[in-house]
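Visitor: Before I ask anything, let me first share the structure, which is written out below as structure tokens.
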Amino acid sequence: MKKLETELKLRAFSQKTIQAYIYHNTEFLKFIEKDEEKITEDDIKLYLAHVMTEKEYKPASTNLCLSALKFYYQEILGKNIFAKIKAPKLEKKLPTVLTKDEMSKLISAATNPKHRLLVELMYSSGLRVSEVVNMKIDDLDLNERMGKVIAGKGKKDRHIILSEALCEHLEDYLVERDDNNPYVFNIRETHITVRQAQRVVKSLALKAGIKKRVFCHALRSSFATHLLESGTDIRIIQELLGHSNLQTTERYTKVSTEQLKKVKSPLDDM
């Protein structure tokens, strides 16, 4: 596993991916109880069937497991045993999107200024939760109402927009700060964790009485969908979200209900 970890680090994989790849390979060897050099295609298939049925992995989790095994046995050990192993089809679920009214309720539920800013920044800029907790004060230009995400997903930098209201709230918040911590959402010498941010959003949704399952990524989905409904070009939304593939952004066209609401049911013409 040390060799696997070193190779992943050399290829600049994220720490989260490194941990996942090591975990899946370790669990596979525990299950199969064979020497690495003797692993076959059937062993891989047997384990994938096990995680899908016994552990009840969803297709996305199964694909991550398969990627972890493939990287190690193909890339590092040079075993060509994956040619006939097909990844399970991913579920085509629609992203969770809050209405503008629900977003307003979520923001209003925050009495803590830091919590309010957290929700406002994720929604107004379409940030991933990992990006928002790592956001530094110097990466935001409040005068220009623009910001930068440094080394986001895929190690890519990108520009983001900031709302006028958010900039005003940020200015007030930063004036009250009395520390040299570089992060917007500071805690002691570092920043809040992803899990802490997730807990804040979940608790605010409960407080606001929102019935949908609300999580951080739903705010990013809402940002994209609301921009689309207001007429923003999809390629600009793609740029703001940092999507490499336009197809990833296009799924929000299937979520938007504004055009659907304008369609008249044939029953109403009877």
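The values are calculated or read from the model by the stated rules, or taken from the named source; none is laboratory data. These numbers come from a predicted model, not from an experiment. Here Cβ is always computed from backbone atoms with ideal geometry, including for glycine, and neighbour counts include all displayed protein chains.
Visitor: Answer yes or no as to whether residue 71 is in contact with a Lys or Arg (Cβ under 7 Å, 6 or more places away or on another chain) and more than 30 Å from residue 204 (Cα to Cα).
Guide: Taking the combined requirement at face value, the residue does not satisfy it.
Visitor: Residues that are loosely packed, with under 12 Cβ neighbours inside 10 Å and either outside any helix (DSSP H, G or I) or under 19 Å from the mean Cα position of the chain (by Cα) (or both): does the range 144-154 have at least one?
Guide: yes
Visitor: Give me the pairs: first residue in the range 44-65 and assigned by TED's automatic domain parsing to the domain that holds residue 26, second residue among the small types (Gly, Ala, Ser) and part of a loop (DSSP other than H, G, I, E, B), beta-carbon distance under 6 Å, and six or more apart or on different chains, which are they?
Guide: 63/87
Visitor: With the requirement that a residue be closer than 24 Å to residue 131 by Cβ, exposed (fewer than 13 other Cβ atoms within 10 Å of the Cβ) and either in contact (Cβ under 8 Å) with a residue 12 or more places away in the chain or under 19 Å from the mean Cα position of the chain (by Cα) (or both), what does the range 1-18 give you?
Guide: 12, 15, 16
Visitor: Being of a type in the set (A, V, I, L, M, F, W, C) and at pLDDT 75 or above is the filter; apply it to the range 237-264 and report the residue that is nearest to residue 146 (Cα to Cα).
Guide: Among those that are of a type in the set (A, V, I, L, M, F, W, C) and at pLDDT 75 or above, it is 240.
Visitor: Also: If only one of 200, 214, 255 is farther than 27 Å from residue 111 by Cβ, surrounded by 16 or more Cβ atoms within 10 Å (Cβ to Cβ) and touching a residue at least 60 places away in the same chain (Cβ under 8 Å), which one is it?
Guide: Just one listed residue meets the conditions, 255.
Visitor: Residues of the range 123-140 being part of a helix (DSSP H, G or I) and under 14 Å from residue 196 (Cα atoms), which ones?
Guide: Of everything in the range 123-140, those that are part of a helix (DSSP H, G or I) and under 14 Å from residue 196 (Cα atoms) turn out to be 129, 130, 131, 132, 133.
Visitor: Right, another one. Looking at the range 76-89, is at least one residue assigned to a helix (DSSP H, G or I) and within 24 Å of the chain's Cα centre (by Cα)?
Guide: No; the residues of the range 76-89 include none that is assigned to a helix (DSSP H, G or I) and within 24 Å of the chain's Cα centre (by Cα).
Visitor: Quick test for you: out of 113, 88, pick the one residue that is touching a helix residue (DSSP H, G or I) at 6+ places or on another chain (Cβ under 8 Å), of a type outside the set (Val, Ile, Thr) and modelled with pLDDT under 90.
Guide: That would be 88, the only listed residue that is touching a helix residue (DSSP H, G or I) at 6+ places or on another chain (Cβ under 8 Å), of a type outside the set (Val, Ile, Thr) and modelled with pLDDT under 90.
Visitor: Residues that are touching a Leu at 6+ places or on another chain (Cβ under 7 Å): list the helices (runs of 4 or more DSSP H) wholly contained in the range 165-270 that include at least 2 such residues.
Guide: 194-208, 216-229, 234-241
Visitor: Are any residues in the range 33-63 of a type in the set (A, V, I, L, M, F, W, C) and surrounded by fewer than 18 Cβ atoms within 10 Å (Cβ to Cβ), and if so, which ones?
Guide: Hits for the range 33-63 are 46, 49, 52, 60.
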